[in-house]
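Participant: One structure follows; several queries about it will come next.
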Amino acid sequence: FTEVPAALALVYALNRLARPRELGLGRAWAVGLALAFVPWLNVRYLPFPALLLAYAAWGRPRWRTSLALVLPLAASAVASGLYHRALYGFFDPTLVYGRRPGFAWGRVPGNLEALLFDQEFGLLPYAPVLTLALPGLWFLTRRQGLRRAFVVAAPLATVLLTAASWRMWWGGFTPPARFLVPVAPLLALAAAHALSQRLTARAALLAGWTLMAGFA
């Protein structure tokens, strides 16, 4: 399963890009290489590098830092196109599943509901405390500004939409919400902002339910 290394690469890049003007050249190359590797894990991760580049650009990095971030991604995109051309006869990695499209927007409403609420593969029956991520995004925006809120909300929305448009939204024989693992740290961060604002009885109930489900 590719979700765990994708999550690690995402968290590593987020940690380093929080202050891009203070990012050394060596670490910038390391972040660029980590982001360049992510799309090779699965085509569903293609939006991640673009979102994180936007996050870095928002912080106005030095030109050498920008170059170290962009060059590995550009080389990776060219290599991926050539790889798929040699192996399948076309450059587009989204076409490897044949005539039946891997992604389809018509699947999104039903699959999104299932991703969140399905009794076997949904996220919230097993981690209901993460429903607090929605109000948590509001508190995060108020406390830390739009840039930090963007880097949480944009990957969340992207992963939800790509997973919901994927034809096998449940991910096969897997634990619940497999496709949402890469953004689980972001959901936890947003939920933590809501919990730190005020621990109500309902929030405590959600947290207790999550712990009980996890131990079970």
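The values are calculated or read from the model by the stated rules, or taken from the named source; none is laboratory data. Keep in mind the model is a prediction, meaning the values are calculated, not measured. For neighbour counting, all protein chains shown are included, and Cβ atoms are generated from backbone atoms with ideal geometry for every residue, glycine included. Remember, those area values only see protein heavy atoms, side chains included, never the ligands or the DNA or RNA. Shrake-Rupley method; radii C 1.70, N 1.55, O 1.52, S 1.80 Å.
Participant: Filter the stretch 19-61 for residues that are under 24 Å from Leu146 (Cβ atoms) and touching a Gly at 6+ places or on another chain (Cβ under 8 Å) and give the result.
Facilitator: Answer for the stretch 19-61, where residues must be under 24 Å from Leu146 (Cβ atoms) and touching a Gly at 6+ places or on another chain (Cβ under 8 Å): Arg19, Pro20, Arg21.
Participant: Okay, next question. List, please: which pairs have Cβ atoms under 8 Å, are six or more places apart or on different chains, and start with a residue in the stretch 202-216 that is under 13 Å from Leu130 (Cβ atoms) and end with one that is among the small types (Gly, Ala, Ser) and at pLDDT 85 or above?
Facilitator: Qualifying pairs under 8 Å: Ala203/Ala194; Thr210/Ala127; Ala213/Ala127; Gly214/Ala127.
Participant: Here's a follow-up. Give Tyr12, Tyr45 a once-over and let me know the one that is in contact (Cβ under 8 Å) with a residue 40 or more places away in the chain and among the hydroxyl-bearing types (Ser, Thr, Tyr). It would help to see each step written out before you state the result.
Facilitator: On the way: Tyr12 fails: in contact (Cβ under 8 Å) with a residue 40 or more places away in the chain.
Answer to the check: Tyr45.
Participant: A further question on this structure: Looking at Leu87, Leu115, which one is out of contact with any His (no Cβ under 8 Å at 6 or more places or on another chain), open to solvent by 90 Å² or more (accessible area, probe 1.4 Å) and assigned to a helix (DSSP H, G or I)?
Facilitator: The unique qualifying residue is Leu87.
Participant: Only one of these is in a loop (DSSP other than H, G, I, E, B) and within 18 Å of Pro20 (Cα to Cα): Arg60, Arg64. Name it. Walk me through it before giving the result.
Facilitator: Working: Arg64 fails: in a loop (DSSP other than H, G, I, E, B).
The unique qualifying residue is Arg60.
Participant: Do we find a residue being open to solvent by 80 Å² or more (accessible area, probe 1.4 Å), modelled with pLDDT under 90 and either over 18 Å from the mean Cα position of the chain (by Cα) or over 23 Å from Phe179 (Cα atoms) (or both) anywhere in the stretch 29-50?
Facilitator: no
Participant: Every residue in the stretch 118-144 that is outside any helix (DSSP H, G or I) and open to solvent by 60 Å² or more (accessible area, probe 1.4 Å), please. Break it down stepwise before answering.
Facilitator: Going through the stretch 118-144, the residues outside any helix (DSSP H, G or I) turn out to be 118-127.
Within the stretch 118-144, Gln119, Glu120, Tyr126 qualify.
Participant: Let me ask another. Restricted to the stretch 102-112, and to residues that are open to solvent by 20 Å² or more (accessible area, probe 1.4 Å) and either in contact with a strand residue (DSSP E or B) (Cβ under 9 Å, 6 or more places away or on another chain) or hydroxyl-bearing (Ser, Thr, Tyr) (or both), which residue is nearest to Ala191 (Cα to Cα)?
Facilitator: Asn111
Participant: Confirm whether Ala194 is assigned to a helix (DSSP H, G or I), surrounded by fewer than 22 Cβ atoms within 10 Å (Cβ to Cβ) and among the small types (Gly, Ala, Ser).
Facilitator: Spelling it out, it is not the case that Ala194 is assigned to a helix (DSSP H, G or I), surrounded by fewer than 22 Cβ atoms within 10 Å (Cβ to Cβ) and among the small types (Gly, Ala, Ser).
Participant: Kindly establish whether Ala6 is closer than 22 Å to Val181 by Cβ, open to solvent by less than 20 Å² (accessible area, probe 1.4 Å) and touching a Phe, Trp or Tyr at 6+ places or on another chain (Cβ under 6 Å).
Facilitator: Working: closer than 22 Å to Val181 by Cβ: yes; open to solvent by less than 20 Å² (accessible area, probe 1.4 Å): yes; touching a Phe, Trp or Tyr at 6+ places or on another chain (Cβ under 6 Å): yes.
The answer is yes for Ala6.
Participant: Then there's this: What's the total number of residues in the stretch 165-187 that are part of a helix (DSSP H, G or I) and under 12 Å from Leu123 (Cβ atoms)?
Facilitator: So in the stretch 165-187, the residues part of a helix (DSSP H, G or I) come out as 165, 178-187.
Next, from what is left, pick out any that are under 12 Å from Leu123 (Cβ atoms): 178-181, 183-184, 187.
So the answer is 7.
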